[in-house]
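Inspection log for the structure reproduced underneath, given as C-alpha cells.
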Amino acid sequence: MTGFLQARTFEEGTEVTENQSLFRIEPAQFEADVERRKAELASAQATLENAKIQLGRARELARTQAGPQARVDDAQAAERQADAQVQSAQAALRQAEINLGYTDIRAPLAGKIGRSIFTVGAVVGPDSGALATIVSQDPMRVAFPISVREGFAIRDRLGAGAGPNDVQVRIKLPDGSDYPHLGKIDFVDSQVDRATDTVLVRATLANPMKRQGSGNERDLIDGAIVTVRLEGREPALVVTIPRSALLVDQQGPYVFVVDKESRGQIRRVRLGQSTAEIVAIESGLEPGETVVVEGIQRIRPGQPVQAAPVTPAVRQERLPR
C-alpha cells in the first residue's frame, strides 16, 4: 500500500509504549476501497441468492418431470460459481480492511524511538524502508565473544555440570564506572568463529530508568561498547598476595616464603586472575604460609628472616572469573 503521510504522532528520541500510534497515512483512498469491496460483496451475495432460487426451481421441475436434468446441473453449477464469487468478494473486503488498518501505524514494541525518516506529506509505501527505528530499552542485551580457551577455563573453574545459569555478568560502562545490575547469559552460539577462535555469548541485563524526562535517561544505550566480566555465582576461595610480593625471573614468577626455621626460601608459583593490586595464586602456595612483602630485595635464599605481620594495604575485592 502507498499513500501520503498525514501525521506523525510521537516526539523523536522519546520512549513509546507498545501499540502506541506513531504515523497516520491519509486514509481516504483506503476507505473508498473498503466501500467498493463491500458493494462487490453485496452484489455477489445477491447473485448467490438468485442462483439458489433458480436451483430450487430446477429441482422442483425435475421432480415433476416438467424440466430436464440438464437444467438442474446448470443451476447447480451457477450456484457454486456464485458461492465462490461471494468468498472472493469477502477476501477482497478483508484485504481492503487490513490495508485501511495499516494507515494507522503503531509501535510493535515498547522502547526508545529514533528520528523520523520521512516528514509529513511524503509518499510512503512498501519500498520506502523503515519510517523510524525503535530500540527496546529494558531489558538490554549485551553480546560479546569469548575465546574457546577462556570458555574451557571457566567451565573447569565452575566444575562439572555447570551451565550459563551458574555464571553472572558484570559490566563496566564506557566511562569506566561499574554498572550496578547483574546480567544473565541467555544465549551461547553453537558455532566457533574460525577467524577469531571465539564463541559469541549474549547476556540480558536490567536497564531501569534513572530519571523521567523528555529522553527518559537510562545507563545502557544501544550500540555502546562496554567491558564484560564473568563471575561464578558462588565466589571461589583462592590464595591471593599483594603484587609487591611477586618477583619474576627467567624461570617465571616466584615469591619468598618464610620456612619453619625462619629462613627465606624461593617458591615458584603459578598465577591466576589479578587486579591492579592483588594476584591470585593457582598453585605454589598454601593458605597460612608466610610470604615476604617488604624488603624482598635484601633477602637471599636460606638467609634468616625476622618476619613481622603487616597491615593489608589493599581493600578486599572480587577477582574476575
Could you give the dipole magnitude of the stretch 94-168 about its Cα centre, charging the beta-carbon of Lys and Arg +1 and that of Asp and Glu -1, in debye to the nearest 20? 140 debye
Given the rule -39500 (n - 2.57) for each run of at least 4 DSSP H residues, summed and divided by the residues of the chain, what is its mean residue ellipticity at 222 nm, to the nearest 500 deg cm²/dmol? -9000 deg cm²/dmol
In Å, what Kirkwood hydrodynamic radius results for the chain from the alpha-carbon pair distances? 27.8 Å
With +1 at each Lys and Arg Cβ and -1 at each Asp and Glu Cβ, the charge dipole magnitude of the chain around its Cα centre, to the nearest 20 debye, comes out at 680 debye
Distance cut-off 14 Å, percentage of C-alpha pairs in the stretch 10-63 lying past it: 74 percent
When the Kirkwood hydrodynamic radius is evaluated over all pairs of different C-alpha atoms of the stretch 1-145, what value in angstrom, to one decimal, is obtained? 19.3 Å
In whole Hz and in residue order, list the ³J(HN,Hα) couplings for the stretch 109-123 that follow from phi through the Karplus curve 6.51 cos²θ - 1.76 cosθ + 1.60, θ = phi - 60°; x for Gly and Pro. 7, 7, x, 9, 9, x, 6, 7, 6, 10, 9, 4, x, 6, 8
List every residue whose amide H lies under 5 Å from the amide H of residue 186, counting only residues 5 or more places away in sequence or on a different chain, with H placed 1.01 Å from N in the peptide plane. 202, 203, 204
Estimate the FRET efficiency between residue 19 and residue 276 by the formula 1/(1 + (r/R0)^6), using the beta-carbon distance for r and 41 Å for R0, to the nearest 0.05. 0.25
Among 299, 32, 21, which residue has its Cα furthest toward the positive end of the charge dipole of the chain, with +1 on Lys/Arg Cβ and -1 on Asp/Glu Cβ? 299
Alpha-carbon radius of gyration plus Dmax, which is the widest Cα pair, for the stretch 128-209 in Å: 15.5, 53
Simple label model, 7 Å out from Cα along Cβ direction - residue 2 to residue 95, nm: 1.7 nm
What percent of all Cα-Cα pairs in the stretch 69-211 falls in each 5 Å bin, counting up from 0? 2, 7, 9, 11, 10, 9, 8, 8, 8, 6, 6, 5, 4, 3, 3, 2, 1, 0, 0
Starting from the Cα of residue 112, draw a straight line to each of the aspartates and glutamates and keep only those under 16 Å, dropping any in the same chain fewer than 8 residues away. 11, 12, 15, 18, 138, 217, 219, 222
Could you derive backbone 3J(HN,Hα) for the stretch 285-291 from the dihedral phi with the Karplus parameters 6.51, -1.76 and 1.60 (θ = phi - 60°), listing whole Hz in sequence and x where the residue is Gly or Pro? 10, 10, x, x, 6, 8, 10
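Each value in this text was obtained by applying a stated rule to the coordinates, not by laboratory testing. No experiment lies behind these values; they were computed from the predicted model shown. Positions of Cβ are generated from backbone atoms using ideal geometry, with glycine treated the same way; all protein chains shown enter the neighbour counts.
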